[in-house]
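The values are calculated or read from the model by the stated rules, or taken from the named source; none is laboratory data. These figures come from a predicted structure and were not determined experimentally. A quick note on method: Cβ atoms are made from the backbone with ideal geometry, for glycine too, and the neighbour counts reach across all protein chains shown. Just the protein is used for accessible areas: all its heavy atoms, side chains included, with ligands, DNA and RNA removed. Shrake-Rupley method; radii C 1.70, N 1.55, O 1.52, S 1.80 Å.
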Amino acid sequence: MVQWTSRGDYDNFRITKCRFYSGIGVQKDFSLSSLGSLTVDARCMDLFNTNKPVATIFGPRELTTSNPARRTFMLDLTWRFNKASSKYRGTGAGEKQKARM
């Protein structure tokens, strides 16, 4: 994922410095047979540590914001157990229903 925002006015705020934002992620599924399945999702947001927005917000008061760049790492583990198998998938799917009709 890559996002770039140019300088300029947006709604009620003005971006005074260009902003560049990037992220990357990897996902892997593991089948644990009778135990279910495990999905591992690892992500890094703001990969190059360049997301430094500088903006002026206009409203009842005029505010100037400046946030330092923050690189974020995330790890998501998902375990699916008691996975129900579909009777409509695989070889011979639906043969029993066709024979009944």
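Some observations on this one:
- Backbone phi angles across the stretch 7-13, fed through the Karplus curve with coefficients 6.51, -1.76 and 1.60 (θ = phi - 60°), yield HN-Hα couplings of 5, x, 9, 9, 6, 9, 9 Hz in residue order; Gly and Pro are listed as x.
- Of 57, 24, 15, the order by accessible heavy-atom surface (1.4 Å probe, DNA, RNA and ligands excluded), from most exposed downward, is 24, 57, 15.
- Charge tally around residue 70: other residues with Cβ under 15 Å, Lys/Arg +1 each, Asp/Glu -1 each, net +3.
- Under Karplus coefficients 6.51, -1.76 and 1.60, residue-wise ³J(HN,Hα) of the stretch 18-28 in Hz, glycine/proline x: 4, 10, 10, 9, 9, x, 9, x, 9, 10, 9
- Amide H contacts of residue 52 (H built 1.01 Å from N, under 5 Å, at least 5 apart or other chain): 20
- As a calculated quantity, the FRET efficiency between residue 45 and residue 66 at R0 = 22 Å, using C-beta atoms, amounts to about 0.70.
- Charge dipole of the chain (Cα centre as origin; +1 on each Lys and Arg Cβ, -1 on each Asp and Glu Cβ, all else neutral): 400 debye, rounded to the nearest 20.
- Per residue, the accessible area of the chain comes to 84 Å² when a 1.4 Å probe rolls over the protein heavy atoms.
- Order of exposure, largest accessible area first, which applies to 62, 95 with probe 1.4 Å: 62, 95
- Label-point gap, in nm, between residue 58 and residue 4 - each point 7 angstrom along Cα→Cβ: 2.7
- Within the assembled protein chains, the solvent-accessible surface assigned to residue 19 is about 60 Å², based on a 1.4 Å probe.
- J(HN,Hα) series, the stretch 74-81, from Karplus relation 6.51 cos²θ - 1.76 cosθ + 1.60, nearest Hz, glycine and proline x: 9, 10, 10, 10, 10, 10, 9, 10
- Rolling a 1.4 Å probe over the protein heavy atoms leaves residue 58 with an accessible area of roughly 80 Å².
- Given a 1.4 Å probe and the protein chains as shown, residue 14 ends up with an accessible area of around 100 Å².
- Sorting 41, 11 by accessible area puts them as 11, 41; the probe is 1.4 Å, largest comes first, and only protein heavy atoms count.
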